[in-house]
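The structure is given below, and queries will be raised subsequently.
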């Protein structure tokens, strides 16, 4: 570490002195319409052939030699390029606003958007804006940024309809999901059918599958960075929608024009209003089984204000809950779960070259199940609470070196499997549960180094650790990414990243449930870590089509699986149910993308191989019958996605998405046997015999979704009717399989036993063809 | 609590059934070798019986004729010997026995009641016709007696709950199987589950909902079981329960018999049983 820091200092010192002859232009690039900062906007000086891009907070810093009339171009995809001439004889602070609307020089903008991607050291990255998300057909009309990102190559989802992400062979707990920099532990509503991110409140989503920048740590396989809008600082605005299952409303506006703004956004499903009415109408029918109540809601709020020329403060919060309930005569059941997060963020410009972002966040995820059955009740819950401090510095030392460094400290507080159960009078009573706490920390430094204009390197080092009070772990995480532009149309990229992960999700592989438990590293449960290398190239085809091909190889260590016959609930010694092993994944991802013009979209293809193996049980008496390597259920060999958005006119757009994936794997029994049991016990004529894990591949999955957006432009603003047809050709994809034996009587004298007669395999699908309509508006 | 978690797939299945999203499909499972399954329980004062069967491919055709079915399922022609730790051995005869009382079937049994004693270890040796050797061993645990069975009627109702008290054996890891039945041991148990004593200080109380009426007969049985039997029963339950539940993780059978392609359970039975008659 010390050697590395010394190296960084040696490299950077001469550059600081070189920079003395230059003056720096710095500031923010914003959307003229609403004041939102633009992330990744380009600031370019054609005369000097020097440029910079805005960081995640819209800040840029560009150092140029002095001049009387220096031309600076500010550009961003979908916005008019703005040219400003400056007399550069001192450092200049300049906030610039760009306006969307008719492109004056469309070709330039198109080329720039892909040119930036070509030149950037970032690879294995996907970015989605809410505009793209809203154009794509969505289940029951509920647009979903997390579902849409799964249409990008390399990010297969879990089962149909779920948002479990398995990025490049990683497990579902290996995704760092941040909402305005606060960690979100469970990004799902309704067991994964919908995500917790309300598209109206989201500004954009950026997903890293590899080549992770050094400021991110704590998860092995992906970083999903969701940024909330800041709120319109120009005028009061609103948006919302009324759909089949939910309604949503967002209000935003200035508190003080250009200086302070707010945004409040909420949504709630209302299927429960109808199901309750049906239940009430059937209350007198003795044969009627009441429909369980279910709804979810979420609320996002954010306020930001200028606290001086160089300071801006942001306060944001998220609160969401799923509530599932059933109230019968003899049995009632309440199950609720959800996240809450809070963020206080302070942006400060120390100088034209140094920008900092300091964040305090709080995250909480909990679930609670209460169940009562005449005379008995139980209450089961788990909870994880994080308090986090993070400070990141961005230092544009010169036009060739941009340093980022910072540190992070998180306190985790876990309550695992808290159970109180027994009779209502307390005669029968038992309880279980464990509490853990730990400190997770990280410090990093990285340098984005333009060695020559065509060759860029981003080298970084992260040092991270975890302290439980008894046990301490730490690890070095080198990061490296490079980009070599061969021409204006070709670039080669390569990256390496080591990641450490100190938390583990105790979950059945492939299925994400609200009851999954987060478990910390302990003396016996070592932190996970991974090494990933990726290499690829990008090519701009005819100025419009952007082709990217990337290959990756990833090794994962200290991976958890469950032992055979694991007891996952009511267990104060969960560690004895764990087996620890390794994983590996490799594959190839190809994507071709078109962003501008009437027809836009992308085609993605992924070829992937994923394996896990060498598992050893933590409990010496534990059993893990599977030897060698095996495929996890999400080992999807081929994955194809096609997304097409066609703007027929200003008023009408048509969209289509098609997905095809090799079937996921399932662990099916290969044989059956009969268990007679002792006197008093029940004969089991068919007991499944499960042997090799994940031994059966389901049929391929494919689906076509269609959408039509019909826009209206009334005086008060804009509205549209969005028509979606999910599963347009009514394909019955497999959600799960089960076996249904039928029995007959075998009579021998006085003895009658049940024996199997026939066994049928049955497939359950989730979605038939599902049309929906949503009315959206904004003003 | 397990009821609560089972509720999710049930609710889902009800929803999906309404949309006609289910259909029968053909599945080709990987080829597999049959397994020999042993089931043998040693009980002091009872004859020794053993059931030796073979597993079938999951979708293998099932003979319609009962005799053909038994011939396909039962493994005959093996030599089965039980040995005590002091060297006595008991060879079981290969006879098909239908126990009229327990309604159970065995294909190996002893003529005599073997002197099985608590606290002793016994081993099992099965030599199949093809020469394969299957072995297992077990210790006969002491009985953990039921301290009391308390029947409590609800103040406002005619229904009663049944509380079963026992004292856990101190300073050792104990595993129990709790079974409660209405009327007779031939009925499907109202409760049948295994538990360990990790959450228990000394007294264990098992309870029922207010489900029993006046005049009912309630049979409480507490088996004191070995860890191997506990693991076996848990794995059997998980294997059965995971069929059709997409949220469950399947489990291979955790067996305590050793041998090529063999599985099953060889264990002693140590239980206390209390029959309660609820007042009219």
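Please treat every number below as a calculation from the coordinates, not as lab data. Computed from a predicted model, the values in this text were never measured in an experiment. For neighbour counting, all protein chains shown are included, and Cβ atoms are generated from backbone atoms with ideal geometry for every residue, glycine included.
Based on a Kirkwood Rh over C-alpha pairs, give the Stokes-Einstein translational diffusion coefficient of the range A:255-400 at 37 °C and viscosity 0.692 mPa s in µm²/s. List each step's numbers first, then the result.
Values: Rh = 19.3 Å.
Taking Rh from Cα pairs, D becomes 170 µm²/s.
Run through the DSSP bridge list for chain A and note the antiparallel percent, rounded to the nearest 5.
Antiparallel bridges: around 95 percent, rounded to the nearest 5.
Relative contact order for chain A using alpha-carbon pairs under 8 Å, separation at least 6, rounded to a whole percent?
10 percent
Once R0 is set to 45 Å, what does the formula 1/(1 + (r/R0)^6) return for the Cβ-Cβ distance between residue A:598 and residue A:21, expressed as a FRET efficiency to the nearest 0.05?
That pair, residue A:598 with residue A:21, gives E of 0.40.
Take every residue in peptide A:690-699, count the Cβ atoms of other chains within 10 Å of its Cβ, and give the average of those counts. Kindly include the intermediate steps, with their values, before the conclusion.
Values: counts 10, 7, 3, 3, 1, 3, 4, 0, 1, 1.
The shielding value for this peptide is 3.
Right, another one. With a point put 7 Å past each Cα toward its Cβ, work out how far residue A:236 is from residue A:745 in nm, to one decimal.
7.7 nm
Going by how many other beta carbons lie within 10 Å of each one, how would you line up A:346, A:441, A:716, fewest first? Could the numbers behind the result be given before it?
Values: A:346 15, A:441 18, A:716 10.
Fewest to most other Cβ atoms nearby, the residues stand as A:716, A:346, A:441.
I've got another one for you. When every alpha-carbon pair in the range A:630-736 is counted, what percent end up more than 21 Å apart?
61 percent
How would A:718, B:43 line up from fewest to most surrounding beta-carbon atoms within 10 angstrom?
Ordered from fewest to most neighbouring Cβ atoms within 10 Å, A:718, B:43 come out as A:718, B:43.
Then there's this: Calculate the FRET efficiency for residue A:614 and residue B:24 from the Cβ-Cβ distance with a Förster distance of 41 Å, rounded to the nearest 0.05. Intermediate values should be presented prior to the final figure.
Details: r = 39 Å, r/R0 = 0.95.
Efficiency, from the Cβ-Cβ distance: 0.60.
In peptide A:662-669, how many Cβ atoms from other protein chains are near each Cβ within 10 Å, on average?
3
I've got another one for you. Which distance in Å, rounded to a whole number, links the C-alpha centroids of the range B:49-76 and the range A:356-411?
57 Å
Could you work out Rg/(2.2 N^0.38 Å) for the range B:193-280, with Rg from alpha carbons only?
Working: Rg = 17.2 Å, N = 88, 2.2 N^0.38 = 12.1 Å.
Rounded to two decimals, the normalised Rg is 1.43.
Another question, if that's okay. Per DSSP helix of 4 or more residues, -39500 (n - 2.57); summed, then divided by the residues of chain A. What does that give at 222 nm, rounded to the nearest 500?
-2000 deg cm²/dmol, from helical runs alone.
From a point 7 Å beyond the Cα of residue B:198 in the direction of its Cβ, which residues of the range B:152-183 have a backbone N at a distance under 17 Å?
Within reach of a label on residue B:198: B:171-177.
What fraction of the Cα pairs in chain B, stated in percent, has a spacing above 28 angstrom?
In whole percent, the share of Cα-Cα pairs in chain B beyond 28 Å is 49.
Right, here's the next one. May I ask for the distance between the Cα centers of the range B:105-134 and the range A:670-735, given as a whole number of Å?
Spelled out, the Cα-based centre of one part sits 47 Å from the other.
Would you calculate a helix-derived [θ] at 222 nm for chain B, using -39,500 (n - 2.57) for each DSSP H run of n ≥ 4 and dividing by the full residue count, to the nearest 500? If you can, show how the numbers build up before the last one.
Numbers: 3 runs with 40 residues, N = 280.
The helix-only estimate for chain B comes to -4500 deg cm²/dmol at 222 nm.
Just want the ordering: A:84, A:517, from fewest to most Cβ atoms lying within 10 Å of their own Cβ.
Going from sparsest to densest Cβ surroundings: A:84, A:517.
Follow-up. Taking the Cα-to-Cβ direction at residue A:702 and at residue B:167 and moving 7 Å from each Cα, how far apart do the two end points lie in nm?
Going from the residue A:702 label point to the residue B:167 one covers 7.1 nm.
Can I ask one more? Let me know the Kirkwood hydrodynamic radius for the protein assembly as shown, please, with Cα pairs as the basis and the value in Å to one decimal.
32.2 Å is the Kirkwood radius here.
Next up: Kirkwood hydrodynamic radius for the range A:170-321: how many Å is it when counted over pairs of different Cα atoms? Please list the in-between numbers first.
On the way: mean 1/r = 0.0557 Å⁻¹.
Value: 17.9 Å, from the Cα pair sum.
OK, next. Would you please give the FRET efficiency between residue A:647 and residue A:545, computed as 1/(1 + (r/R0)^6) with r the Cβ-Cβ distance and R0 = 25 Å, to the nearest 0.05?
0.90
What distance in nm lies between label points placed 7 Å from Cα along the C-beta direction at residue A:350 and residue B:261?
My value for the distance between the label points is 7.2 nm.
Once the convex hull of the alpha carbons of the range A:547-706 is built, what does its volume come to per residue, in cubic angstrom?
199 Å³
Which angle between 0 and 90 degrees, to the nearest 10, do you get for helix A:271-281 versus the longest principal axis of chain A when only C-alpha atoms count?
Computed tilt is about 30 degrees.
Hey, another quick one. As I understand it, the value is the acute angle between the Cα axis of helix A:2-18 and the longest principal axis of the Cα atoms of chain A; what does it come to in degrees, rounded to 10?
The angle comes out near 30 degrees.
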